[in-house]
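Contents: one structure, followed by commentary.
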Amino acid sequence: MKALVINGPNLNMMHFTEPGVAGQLDYNGLLDYLELCCTQMGMEVEFFQSNHEGAIIDAIQEADGMFDGIVINPGAYAHYSYAIRDAIKAITIPVVEVHISDIEKREEFRHLSVTAPVCIAQIRGHGFESYTMGIDLLAGAKQ
């Protein structure tokens, strides 16, 4: 199985405090964690991050047929990007939307995701595990 992990705006600037992990991890720490998890699962993974909506759309479209599925954290684009929604809807591979935090427990404008309804699932509020849970879902969808 080969998965693409797409991260949207500002995630490259984040610092995360993960339960059970000493100190803070930065974006590269997240990628290292996911690569290790995927390797242990016998999966290939590639990463893409952009602060630009069009670049994310291009990555989604290009992934169709090249990957078995996508895990996407669209960041703030989840709440208003109908263009990303349409790109996800147009492809033939499964997509799982993930969020590190529980968006329903944040500011009210973050409660609704316009991209989640065209994904096979949305996972939120589990920290880095949101990503690994999403990858597990993709692996199950592939079987």
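The values are calculated or read from the model by the stated rules, or taken from the named source; none is laboratory data. Since we're looking at a predicted model, the values are computed, not measured. Quick reminder, even Gly has a Cβ in these numbers, built from the backbone with ideal geometry, and neighbours come from all protein chains shown. When the accessible area is computed, the model is the full protein with side chains, heavy atoms only, and any ligands, DNA or RNA have been set aside. Shrake-Rupley method; radii C 1.70, N 1.55, O 1.52, S 1.80 Å.
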- Message: If you roll a 1.4 angstrom probe over the protein chains with everything in place, what fraction of the accessible area of region 33-143 belongs to carbon and sulfur, to the nearest %?
- Response: 50
- Message: Let me spell out the model: positive unit charges on the Cβ of Lys and Arg, negative unit charges on the Cβ of Asp and Glu, origin at the Cα centre of the chain. What dipole size does that give, in debye rounded to 20?
- Response: 300
- Item | Antiparallel bridge percentage (DSSP; both residues within the chain; nearest 5) | 15
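What number comes out for the charge environment of E46, summing +1 per Lys or Arg and -1 per Asp or Glu over other residues with Cβ under 10 Å away?
That sum, taken over residues with Cβ under 10 Å, equals -1.
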- Compute the signed sum of charges (Lys and Arg +1, Asp and Glu -1) over the other residues within less than 14 Å, Cβ to Cβ, of C119. +1
- Note on the structure: Sorted by chain and number, the residues with a modelled amide H under 5 Å from that of N51, at a separation of 5 or more or across chains, are none
- Task: Would you calculate a helix-derived [θ] at 222 nm for the chain, using -39,500 (n - 2.57) for each DSSP H run of n ≥ 4 and dividing by the full residue count, to the nearest 500?
- Result: -10500 deg cm²/dmol
- Task: Could you pull the Rg and Dmax for the chain, using just the Cα atoms, both in Å?
- Result: 14.0, 41
- Query: Dipole size in debye (nearest 20) for region 43-108 around its Cα centre, Lys and Arg Cβ +1, Asp and Glu Cβ -1?
  - Reply: 140
